[in-house]
Amino acid sequence: MKLEQPNNPLHGITLKFILEFLVETYGWYELGGLIKINCFNTNPTIKSSLTFLRKTPWARNKVENLYLKTIKKQLKP
């Protein structure tokens with residue numbers, strides 16, 4: 001059975017994609033300023049950040065919310 005999630009804007013988007021998008025958009029330095037997480041400020045890598053975010057729900061939530069705000073801002077004319 002295939003579950004559809006029409007009201008979930010993150011459905012089908014991986015955490016890796018979100019993180020790579022944010023790093024490309026903001027860079028590690030600015031991302032670390034926007035979200036106060038050590039893995040963005042101290043020797044940041046995609047791999048170490050993904051490991052932390054997958055184990056830490058509150059941090060993942062902040063990253064996902066920033067992604068949604070950024071996408072919404074880019075879609076505005």
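Are there any helices (runs of 4 or more DSSP H) wholly within the chain with 1 or more residues that are touching a Cys at 6+ places or on another chain (Cβ under 7 Å) and of a type outside the set (Asp, Glu), and if so which?
Fully inside the chain and qualifying: 46-55.
Return the pairs, sorted by first residue and then second, in which the second residue is surrounded by fewer than 17 Cβ atoms within 10 Å (Cβ to Cβ) and not acidic (Asp, Glu), the first residue lies in segment 26-39 and is without any contact (Cβ under 8 Å) to a residue 40 or more places away in the chain and closer than 15 Å to Pro57 by Cα, the beta carbons are less than 7 Å apart, and the residues are 6+ apart or on different chains.
So the pair list comes out as Ile35/Lys62; Cys39/Ser48; Cys39/Phe52.
Values quoted throughout were computed directly from the atomic coordinates according to the rules given, and no laboratory measurement underlies them. Predicted model only: the values in this text are computed from it and were never measured. No Cβ is skipped: glycine too gets one built from the backbone with ideal geometry, and neighbour counts run over all protein chains shown.
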